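First the structure, in the form of structure tokens, and then the observations on it.
The values are calculated or read from the model by the stated rules, or taken from the named source; none is laboratory data. Quick caveat, the model's predicted, so the values are computed rather than measured. Here the Cβ positions follow ideal geometry from the backbone for every residue, glycine too, while neighbour counts run over all protein chains shown. The protein model used for the area step is the full one, side chains on, heavy atoms only, and it has no ligands, DNA or RNA in it. Shrake-Rupley method; radii C 1.70, N 1.55, O 1.52, S 1.80 Å.
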Amino acid sequence: MTTTRRSVVALASLCALGSALSVSSLHAQQFPTSPPAPAPLKPASLPAFQEATLENGVKLVLVENHQNPVIAFRLTMPAGGIYDPADRAGMSTGLASLLTKGAGARSAEEIASAIESAGGSLTAFSDDDFLSVSGSVLSNSAPLAFELLGDVVARPTLSEEEVELARTQALSGLQLELADPAALAGRFFAKGLYGEHPYGRAATPTSVRAITREGLRAFHAARVKPQGAVLVVAGDITMASLKTLTARSFTGWTGAPAPAPALVAPPTRTAAEIVLVHRPGSVQSNLLVGNLALGPVDPMRFPATVANRVLGGSSDARLFMVLREQKSWTYGAYSGLSRPRGIGTFQANAEVRTEVTDSALVEMLAQLRAISATPIPVTELQPAKNALAGGFPLRIETSQQLAEQVAVMNLYGLPADYLQTYRTRIEAVTPAQAQQAAARVVQPDKALIVVVGDGTKLYDKLAAVAPVRIVSVEGDPMTKADLTPRALGLALDFSKVAARRDSFVVMVQGNALGSSVYSVEQSGSGWVLREATNIMNGMVDQRTTLETDASLTPTSLVQSASMQGQALNTNITFDKGRASGSAMTPSQTGPTTVAVDAVLPPGTIDSDALQFALPLFRWQDEASFTVNIFNAGKNAVTPTTLMVVGSESVTVPAGTFDTWKIEQKGSENTTMFYVTKDAAHRLVKIAPVGQPIEVVLAK
């Protein structure tokens, strides 16, 4: 059959007419302009929580679920940091780090191999209140998992070798923490709010060094006991099997923990106060503002949680939107509520540029006053409630998450239906309740304000906001006068000054990726110090020439460098106690030029001369020296402390040396230097704390 041309035209006309009618019909329809209302929230549906108590006193809580062949567990005991001896803060954390490093008949390596071969994990950790052992495993390996759990809590080896290794790791971690401005802010914030209450304590190098194997054993014997312990298990196991396995694994583990010491009440704060932690040379400031707030079961916690979500609980909250999006003062600003077993805290935080520190603080305080004094509009409140309620299922998604949440619920005495009713209770918060909670929880006019930054640039501006108390990063009280470097006599043995040339290898994550050559030669009555460093075939290339007089007082500094393609040049002249010129530093957006104009007190040396000066100090056990160091890139003179913190045998390409371990503190970053104990005091290793780089003597 053939189709005539006329029929083809007719068919095309009909199709066109149909399309036109369809388009017309679409335009005539009324599409909704807003999404449909959400369905009413329902309580979370969770398996029934089964409970039992073993003969030795361990409380078992099981959330049975056979959908996946996995179990997760968390055993928690009242053996956290609040039980540490006052002079040995860090004891609980140290013990937790050692529980899986040898227990029963297994070594640390054998424990790790056993749990990994079963497709699982096992870890121990400590917080202020509790010491916990947590893990997960395929359910067919449950016998092995509980055998290991019983060994690590009841029969840890705590070998001398592992104790010393843990001590070394803890001290290294502390060095990194004390070099981190955010961590420093947290330390001073806790101490300022809690005072002599154990929540205000933090480990120090001195307290960690005081922890012994015998002390750890005594702490374990006194605190790690079954009575008062809670074991939460979630996943593919029955209560009958759980009771059988745990009774067997906990054989011989009996008793109750020693009575808890009486706790000192935190101080009462009646007015806002700024604690300025002077960190010389910082180009940014860390702000931490807050106060004591709520206990774990306070009925205000749900409305306070909603109010906090509006204020600073996310990147669409007020603090973030104002301080970052509107003002461009920070990469982020947030707030939060802590939840220890005792009274917790409210805190707001941000990291800002030095020059806008006071402005950012004033704005942050204004936002805190607004949330605590003004009702929250429904347009902000409802999205906050939706976000909290909608995100909650993600917090109990896995067996491990569920075990952790059930453990918290039991340990903090939360209601039995806490998890099931969390979303409905969040949704039920009214604007009046949220505002009432904010007024109680957020107290800007009684807040502790911790600012970590360069006090020389911050003090006067901050003093206009609230009374300021200055401390060093070590916590030592300072005055405003202390912010200005004073003349310091150099305690150097200039009889040791001599021309020399040292070659170093630059190690990055244990790999030799560069070299550095440092030389000193006499020039007239002074010295010329030269440095040449090349890393990763020119990715970093630097040449420095520093001229000084006979006492190491700088007279001229010329430095040229290339770092990841950025050309950097520094030219500084020194005359009559003043440095002038320009210095270039790298940044993500390109080289930054710093105009240098600084007064140098007598006894100041350039940062590039420190390597030359180290062998000239009179080093001995516990020796400590303070020297003013000029850093051209920061246009600042910083009093820097060099302190012997121990001794160590160091092996480098040039040989093995018995060295003094010297910590440099006071600059923005902490560095460890290792100089030989012999009369030459030769520098053999430089190790910046927290950096994957070391510079070691080659010859």
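Packing, taken as the mean count of other beta carbons within 10 Å per residue, orders the peptides 249-257, 453-461, 426-434 from highest to lowest as 453-461, 426-434, 249-257. Taking the Cβ-Cβ separation of residue 206 and residue 33 as r and a Förster radius of 51 Å, what is the calculated FRET efficiency to the nearest 0.05? My answer for the efficiency is 0.15.
Classify segment 418-523 as rounded, prolate or oblate, taking a ≥ b ≥ c as the square roots of the eigenvalues of its Cα gyration tensor: rounded when a/c is under 1.5, otherwise prolate if a/b is larger than b/c and oblate if not.
Because a/c hits 1.5 or more and a/b fails to exceed b/c, segment 418-523 counts as oblate.
Given a Förster distance of 45 Å, report the FRET efficiency between residue 183 and residue 523 from their Cβ-Cβ distance, rounded to the nearest 0.05. Write down the numbers at each step before the final one.
Numbers: r = 44 Å, r/R0 = 0.98.
E(calc), rounded to 0.05, equals 0.55.
For the chain, the longest principal axis of the C-alpha atoms and the axis of helix 5-28 are separated by about 80°. In the chain, helices alone account for a calculated mean residue ellipticity at 222 nm of -9000 deg cm²/dmol, with every DSSP H run of four or more residues adding -39,500 (n - 2.57).
Taking one quarter of the surface of the convex hull spanned by the alpha-carbon atoms of segment 456-514 gives a direction-averaged projected area of 8.9 nm². What a 1.4 Å probe finds exposed on the chain is 54% carbon and sulfur by accessible area, rounded to a whole percent. Compared with the rule-of-thumb size 2.2 N^0.38 Å for a compact globular protein, segment 234-279 has a Cα radius of gyration ratio of 2.53. Label positions at residue 240 and residue 176, each projected 7 Å from the Cα along the C-beta direction, are separated by 4.8 nm.
Structural size metrics of segment 65-185, computed from C-alpha coordinates, are Rg and Dmax of 15.9, 49 Å. With respect to the chain, whose longest principal axis is taken over its alpha-carbon atoms, helix 108-117 is tilted by about 30°. Using the Karplus relation 6.51 cos²θ - 1.76 cosθ + 1.60 with θ = phi - 60°, the per-residue 3J(HN,Hα) values for segment 676-691 come to 5, 6, 6, 5, 6, 6, 6, 6, 10, 7, 10, 9, x, 5, x, 10 Hz, with x marking Gly and Pro.
How far is helix 181-194 tilted, in degrees, relative to the longest principal axis of the Cα atoms in the chain, given as a value from 0 to 90 rounded to the nearest 10? So the inclination is approximately 70 degrees.
A Förster distance of 22 Å, applied to the separation of the beta-carbon atoms of residue 563 and residue 331, puts the FRET efficiency at 0.45.
The label point for residue 648 and the one for residue 539, both projected 7 Å from the Cα toward the Cβ, are 2.4 nm apart.
Heavy-atom accessible surface of residue 321, to the nearest 10 Å², is about 80 Å², with a 1.4 Å probe and all protein chains retained. Computed packing ranks the peptides 282-290, 635-643, 118-126 as 282-290, 635-643, 118-126, most packed first, by mean other Cβ atoms within 10 Å.
Does segment 359-398 classify as rounded, prolate or oblate by the C-alpha gyration tensor (a ≥ b ≥ c root eigenvalues; a/c under 1.5 gives rounded; else a/b over b/c gives prolate, otherwise oblate)? Oblate, since a/c reaches 1.5 and b/c is not below a/b. According to the square roots a ≥ b ≥ c of the eigenvalues of the Cα gyration tensor, what is the shape class of segment 648-699, taking rounded for a/c under 1.5, prolate for a/b larger than b/c otherwise, and oblate for the remainder? Oblate shape, in that a/c is at least 1.5 and b/c is the bigger or equal ratio. Normalising by residue count, the chain has a Cα convex hull of 261 Å³ per residue.
The length gained on full extension between residue 476 and residue 123, counted as 0.36 nm times the residue separation minus their Cα-Cα distance, comes to 123.4 nm. The string of couplings for segment 426-440 from the Karplus curve (6.51, -1.76, 1.60, θ = phi - 60°) is 5, 4, 7, 5, 9, x, 5, 5, 5, 5, 5, 5, 4, 5, 7 Hz, one whole number per residue in order, with x for Gly and Pro. Here's how it looks for residue 640: its modeled amide H is under 5 Å from those of 627, 628, 629, which are all 5 or more places away or on a different chain.
Which net charge results for the neighbourhood of residue 310, defined as the other residues with beta-carbon distances under 11 angstrom from its beta-carbon, given Lys and Arg at +1 and Asp and Glu at -1?
Computed value for this residue: +1.
Residue separation of residue 428 and residue 256 scaled by 0.36 nm, minus their Cα-Cα distance, works out to 57.8 nm of gained length. What does a probe at residue 378 reach in segment 409-446, counting residues whose amide N is under 16 Å from the point 7 Å along Cα→Cβ? Residues 427-435 fall inside that zone.
Accessible area per residue for the chain is 46 Å², calculated with a 1.4 Å probe on protein heavy atoms, without ligands, DNA or RNA. Listed peptides 260-273, 347-360 appear in the order 347-360, 260-273 once ranked by packing, highest mean of other Cβ atoms within 10 Å at the front. Comparing Cα centroids, segment 506-535 and segment 116-131 end up 45 angstrom apart.
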